[in-house]
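We did not get these values from a lab; they are worked out from the coordinates using the rules stated. These figures come from a predicted structure and were not determined experimentally. Ideal geometry is used to build each Cβ from the backbone, glycine not excepted, and the neighbour counts take in all protein chains shown.
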Amino acid sequence: MKSLDAERHLARKLELLGQMTANTEKLQRFIPKRNMLGLKRVLQEMGRLIEELSAINILLASQVNGWQQPAGFQAVAKDLALQQTALVTAYRQTLQAAAAEQQQIAGELRELRAAQRLQTGYTGSWAPHPGGRLSVKG
């Protein structure tokens, strides 16, 4: 791999990490709002970005010995690895928060359905009876 290719791949990796960081911040805003459409859209985009990032990582890892590395490449690669680790940590925490919120929503729905089943199982004494003129003289 030529150093120009490596430089291009590292630049693309930096761009992807920036997009993923922005998406992680969006996810953190959508979770408390329970905005499911926004969550779904951002998660689909994150999946696409993760696939592209993993392809670039595989490319760089397989060709790391084949290209001449100026001194700046090692520093950039190390910085990118640190950014990627921080992003993975933040994304994992965001997904854990989303899973906890999903569990809370599921619990609230179970409680609501149980209350609805209980309510529909009884008729109130205040409800009008059919033929409501039972005690009226005619």
- Message: Cβ neighbours within 10 Å, averaged per peptide: list 18-27, 101-110 in order, most packed at the top.
- Response: 18-27, 101-110
- Query: Within the stretch 16-44, what residues put their amide N at less than 18 Å from the label point 7 Å along the Cα-to-Cβ vector of Glu101?
  - Reply: 20-44
- Task: Name the shape class, rounded, prolate or oblate, that the alpha-carbon gyration tensor gives for the stretch 3-110, where a ≥ b ≥ c are the square roots of its eigenvalues, rounded holds for a/c under 1.5, and otherwise prolate holds if a/b is larger than b/c and oblate otherwise.
- Result: prolate
- Item | Inter-site label distance for Ala81 and Met36 at 7 Å from Cα along Cβ, in nm | 4.2 nm
